[in-house]
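The values are calculated or read from the model by the stated rules, or taken from the named source; none is laboratory data. Fair warning: this is a prediction, and the values are worked out from it, not measured in the lab. Every residue, glycine as well, gets a Cβ built from its backbone with ideal geometry; the counts of neighbours run over all protein chains shown.
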Amino acid sequence: MIRLMQQLLATREDIIAFIKKAKTKKPSPKLDVCKNFDNTYKKPTLPDDAPIAVVLFAGGGGIEAGMVQAGIRPVIAVEFDPTKPDLSRAMPAVTSRTNAKTHHHNFSEYGCRIIQLTVQEVARLGFLGFPRRPDYLHTSSVCANVSLAHTAKAGKGIETADDLTAAIAVAQAIRQLQPRVFTLENVPRYQNSQSFSIILSALEQEGYSVNYSVVNMADFGLPQARRRLVLIANKGFHVALPSGATPCSWYEAITHLIPTMPNSHLLPKQQQALEKFLAGNAPTPLLIERVGGHTQSKYKLGHLPWNTILQCLRRAAPTHFTDHKGCNCSKFADIWLPDGTVKSLSIKGAAILQGFPGWYEFPNETATAGSIIGYSVPPSFATQLFMSAQSIAM
């Protein structure tokens with residue numbers, strides 16, 4: 001706890017002093033997932049006077065990756081959830097440490113401090129040591145209890161006390177920190193929750209102009225059909241959600257990586273799905289899910305975006321990285337090509353489908369890396385969101 005308090009006692013002056021050790025250089029240009037792969041392999045170096053941001057429920061740092069690409073410096077990230085400690089059933093006791101280690105590895109050079117306390121605990125401490133009036137404050141609250149996947153089961157989908165106290169803590173952050181711009185990302189059903197109402201009420205009481213909508217990430221150049229609720233709020237000026245980008249297919253996004261991916265073979269359910277498709281269609285590249293429940297494997301044609309990349313919070317729930325028994329999978333999807341080649345989709349490929357920049361470094365364990373990918377805000381969308389805000393707010 002002493003160490004954590006020392007982290008919390010960081011002042012804005014401490015942050016600036018750390019930042020001045022870096023060389024000044026303009027950030028990388030806007031990410032184009034399908035056309036400019038190489039422009040995100042070089043990590044941006046931000047100027048001393050770059051806008052600063054605070055992130056709540058940080059996870060592995062997807063939103064921070066997008067911020068950095070947009071020229072914004074994340075300075076404090078809060079990440080710890082004691083009620084759902086395992087991103088990977090293989091490592092239930094070390095998940096928060098793994099997230100923190102990965103986050104530190106990717107963002108410490110920007111002066112970002114990872115705070116391993118719950119957002120509720122940080123709120124009870126009065127956000128001690130946090131910069132007041134940061135340029136940006138972002139939250140991606142835990143959303144399992146209001147997600148469509150969760151509510152599909154009888155008796156599920158009810159907000160818990162933890163959900164509500166988390167929203168109250170976010171509302172407290174808005175009131176105390178008074179960010180220039182506040183952003184939120186969550187599942188679409190979150191807009192109907194009491195938690196969302198608590199946050200909206202705080203924004204309105206503090207005089208923020210609020211704009212929110214459910215967006216499809218595929219409409220913003222992401223090679224994945226992922227629908228999310230996105231909110232942006234600000235004072236003294238109006239910032240709209242970014243406009244859409246050129247659509248991108250999964251095959252177009254990762255074609256350059258396919259030769260480097262390991263060879264694989266189709267499981268019986270994947271083979272059945274393939275044969276059913278070929279019975280009525282001409283051969284075309286297919287991305288076929290390897291894990292799931294007892295139904296036939298799902299697939300996506302090469303000219304389409306992939307399905308939403310999932311990493312569920314519920315135990316024994318089939319996702320892209322766990323099977324129907326909740327077991328971790330080292331292989332989670334396969335690529336079938338018309339010449340009969342079968343390749344196992346790599347973490348690097350999945351990261352591109354989720355819009356991660358090439359410089360982001362994942363942990364070695366497939367299930368843990370996959371969980372970071374599945375939980376994260378798509379960084380390429382975050383880049384577009386914050387660049388849109390930057391063009392008006394700064």
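The set of residues in the stretch 335-367 that are crowded, with 23+ Cβ neighbours inside 10 Å, outside any helix (DSSP H, G or I) and in contact with a strand residue (DSSP E or B) (Cβ under 6 Å, 6 or more places away or on another chain) comprises 335, 336, 345.
Helices (runs of 4 or more DSSP H) wholly in the stretch 86-181 with at least 3 residues that are among the β-branched types (Val, Ile, Thr) and either farther than 26 Å from residue 389 by Cα or at pLDDT 90 or above (or both) - which ones? Let's see the steps before the verdict.
Numbers: elements: 95-107, 119-124, 148-151, 161-177.
Answer list for the stretch 86-181: 95-107, 161-177.
Of all residues in the stretch 368-394, those being surrounded by fewer than 19 Cβ atoms within 10 Å (Cβ to Cβ) and without any contact (Cβ under 8 Å) to a residue 24 or more places away in the chain number 1. Looking for something outside any strand (DSSP E or B), under 21 Å from residue 373 (Cα atoms), at pLDDT 90 or above and acidic (Asp, Glu) - is there at least one such residue anywhere in the stretch 243-262? For the stretch 243-262, residues outside any strand (DSSP E or B), under 21 Å from residue 373 (Cα atoms), at pLDDT 90 or above and acidic (Asp, Glu): present.
Go through the stretch 217-246 and give me each residue that's of a type outside the set (A, V, I, L, M) and within 14 Å of the chain's Cα centre (by Cα). Give the derivation first.
Going residue by residue through the stretch 217-246, those that are of a type outside the set (A, V, I, L, M) are 219-221, 223-224, 226-228, 234-238, 242-244, 246.
Once the filter is applied, which keeps residues that are of a type outside the set (A, V, I, L, M) and within 14 Å of the chain's Cα centre (by Cα), the stretch 217-246 yields 224, 226, 227, 228.
Residue pairs whose Cβ atoms lie under 6 Å apart, sitting 6 or more positions apart in sequence or on different chains, and linking a residue in the stretch 264-291 that is touching a residue at least 24 places away in the same chain (Cβ under 8 Å) to a partner that is of a type in the set (Asp, Glu), are 264/334; 288/334; 290/334; 291/323. Tell me, please, whether a residue that is modelled with pLDDT of 95 or more, over 30 Å from residue 249 (Cα atoms) and among the β-branched types (Val, Ile, Thr) can be found in the stretch 192-205. Checking the stretch 192-205: at least one residue is modelled with pLDDT of 95 or more, over 30 Å from residue 249 (Cα atoms) and among the β-branched types (Val, Ile, Thr).
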